[in-house]
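Novice: One structure follows; several queries about it will come next.
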Amino acid sequence: MATLRDSQYQFLDAGAGRKLERFGPWILSRPCAQAVWAPQFPRLWEEADALFSREQGARWQFRSPRLREGWRCSLGGVDFFLKPTDFGHVGIFPEHLLGWRLAGEALRQCQGPEAPAILNLFAYSGGATLACAKAGAQVCHLDASRKMTDWARENARLNHLEEAPIRWIVDDVTKFLKRELRRGRRYDGIILDPPSFGRGTSQELFQIDECMQELLGLCREILSPHPLFLLLTCHTPGYTPLVLSHLATQSLPTGRLRSGEMTLPTDEAGRLAVPCGAYAFWTP
């Protein structure tokens, strides 16, 4: 019988350009350019159930074909359906756990008569959406990929949140924000994790260097008069915590700003933290 830990995420080790993680019952070895140090626990790597490599074309190697079918995994109290993709992803980015916790803390401190309205942009498989819904928010989940939105809705079902107040939107982010502004809709909190490069629903081009300032400007306009927070995360090389802080300082009203590196979450003492991008968390 599977134990509770068998169903959860666990960071195991990193080094030599790779990372080793347990996602539920399976241990995966994948590339990690930041891990330039030596692995701390070499023997653990022998237990890997699957390995993803980009050295001779992107491909997975599986010990068991069952991994191709997908499986369940829990992170931060949220259940996910995972499966290997052609890009080496599995449908969850564990480094975002810190952001979910920051958003959840802000939501639990809200004393208003109505549930706070949260906008989750570039929402992927719905981790932040579901974490905020569990914390009592009404959420607008937006992603340009219908496939990913369907995946997020499947995760909502896993968490028994089918009837939760979540709007599922497939659209280009910029176009959606401008329409929401014209409609007069406002949000108490915004979460955004923009990609380095992407395409909207009608092949609209998104390039972070050219679009970030306009995007943050629109986010400022769509915040409610008494907002709770804005969480900005980024995996683009060069977008350090200081860079995100500068962008947030110039784009948002005066407030408190917390920034830092996102790392793979670990509860094991002595394991070297693996940097996986940056975050900036603004509160009024």
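The values are calculated or read from the model by the stated rules, or taken from the named source; none is laboratory data. Computed from a prediction, not measured in an experiment: that's the story for all the values here. As a convention, Cβ positions derive from the backbone with ideal geometry for all residues, glycine included, and neighbour counts pool all protein chains shown. Note: accessible area is taken over every heavy atom of the protein model, side chains too, but ligands, DNA and RNA are not part of it. Shrake-Rupley method; radii C 1.70, N 1.55, O 1.52, S 1.80 Å.
Novice: If only one of LEU142, LEU130, LEU161, LEU177 is part of a loop (DSSP other than H, G, I, E, B) and either among the hydrophobic types (A, V, I, L, M, F, W, C) or without any contact (Cβ under 8 Å) to a residue 24 or more places away in the chain (or both), which one is it?
Specialist: LEU161
Novice: Quick check, is PRO165 modelled with pLDDT of 95 or more, touching a strand residue (DSSP E or B) at 6+ places or on another chain (Cβ under 6 Å) and not aliphatic (A, V, I, L, M)?
Specialist: yes
Novice: Next question. LEU142: at pLDDT 95 or above, among the aliphatic types (A, V, I, L, M), within 23 Å of ARG258 (Cα to Cα) and under 17 Å from the mean Cα position of the chain (by Cα), yes or no?
Specialist: no
Novice: Follow-up question, since we're still on this one. Among the residues in the stretch 78-85, are any under 17 Å from THR266 (Cβ atoms) and either open to solvent by 20 Å² or more (accessible area, probe 1.4 Å) or free of Cβ contacts under 8 Å to residues at least 24 places away in the same chain (or both)?
Specialist: Checked against the condition, which is being under 17 Å from THR266 (Cβ atoms) and either open to solvent by 20 Å² or more (accessible area, probe 1.4 Å) or free of Cβ contacts under 8 Å to residues at least 24 places away in the same chain (or both), the stretch 78-85 yields no hits at all.
Novice: Out of curiosity, is PHE62 open to solvent by 10 Å² or more (accessible area, probe 1.4 Å) and free of Cβ contacts under 8 Å to residues at least 60 places away in the same chain?
Specialist: yes
Novice: Taking PRO116 as the residue in question, decide whether it is surrounded by 15 or more Cβ atoms within 10 Å (Cβ to Cβ) and touching a Cys at 6+ places or on another chain (Cβ under 8 Å).
Specialist: yes
Novice: Check whether at least one residue in the stretch 21-36 is small (Gly, Ala, Ser), at pLDDT 95 or above, surrounded by 18 or more Cβ atoms within 10 Å (Cβ to Cβ) and assigned to a strand (DSSP E or B), and report yes or no.
Specialist: yes
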